[in-house]
Amino acid sequence: MFAFAQRLVWGVPVFLSLAAIGALESLGFSHDGPVVLSVLALGVAGMFTIMLVSLYRWAAGYSRSDFQERAAAEHRERVSARQAFFRRWSKPNGS
């Protein structure tokens, strides 16, 4: 579910701008006025920004599974080392 939603996150700025346009039109702004068009342009720019960041992350290897596996293994090592430290600290005689 999360991976599916993560692939659709680029649409959020467009949907937010459409909601803002609906609110502006209900407040009396013209649907082809400069304020409404600028809100739509900001939504499209946000969409392209998210798409470019996602493309960069893919190209840099941040969103690939091998990177995630390495990061998860490093995290598990840090957590187990921290837990071992606290076990030694709380029970210095080994009991």
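The values are calculated or read from the model by the stated rules, or taken from the named source; none is laboratory data. Note that the structure is predicted; figures quoted are calculated from it, not measured. Note that each Cβ is placed from the backbone with ideal geometry, even for glycine, and that neighbours are counted across all protein chains shown. We work out accessible area using only protein heavy atoms, side chains counted, and drop any ligands, DNA or RNA first. Shrake-Rupley method; radii C 1.70, N 1.55, O 1.52, S 1.80 Å.
For the reader, a short list of remarks on this structure follows.
- Shape call, the range 1-43: gyration tensor on alpha carbons, a/c limit 1.5: prolate
- Descending semi-axes in whole angstrom, ellipsoid equivalent of the chain, from the Cα gyration tensor: 49, 18, 10
- For the range 9-95, the relative contact order comes to 26 percent (Cα pairs under 8 Å, sequence separation of at least 6).
- Annotation for the range 15-55: chymotrypsin sites (Phe, Trp or Tyr not before Pro) lying in DSSP loop with at most 16 further Cβ atoms inside 10 Å of their Cβ are PHE29.
- Carbon plus sulfur fraction of accessible area for the chain, probe 1.4 Å, in percent: 68 percent
- Potential extension, ALA72-PHE29 segment - 0.36 nm per residue separation minus Cα distance: 10.5 nm
- C-alpha long axis of helix 12-26 to longest principal axis of the chain, angle in °: 40 degrees
- Nearest 10 degrees, 0 to 90: helix 34-60 Cα axis against the chain principal axis: 30 degrees
- Principal-axis analysis of the Cα atoms of the chain puts helix 65-90 at an angle of about 50° to the longest axis.
- Counting only DSSP H runs of at least 4 residues, each contributing -39500 (n - 2.57), and dividing by the residue count of the chain, the helix-based mean residue ellipticity at 222 nm comes to -26500 deg cm²/dmol.
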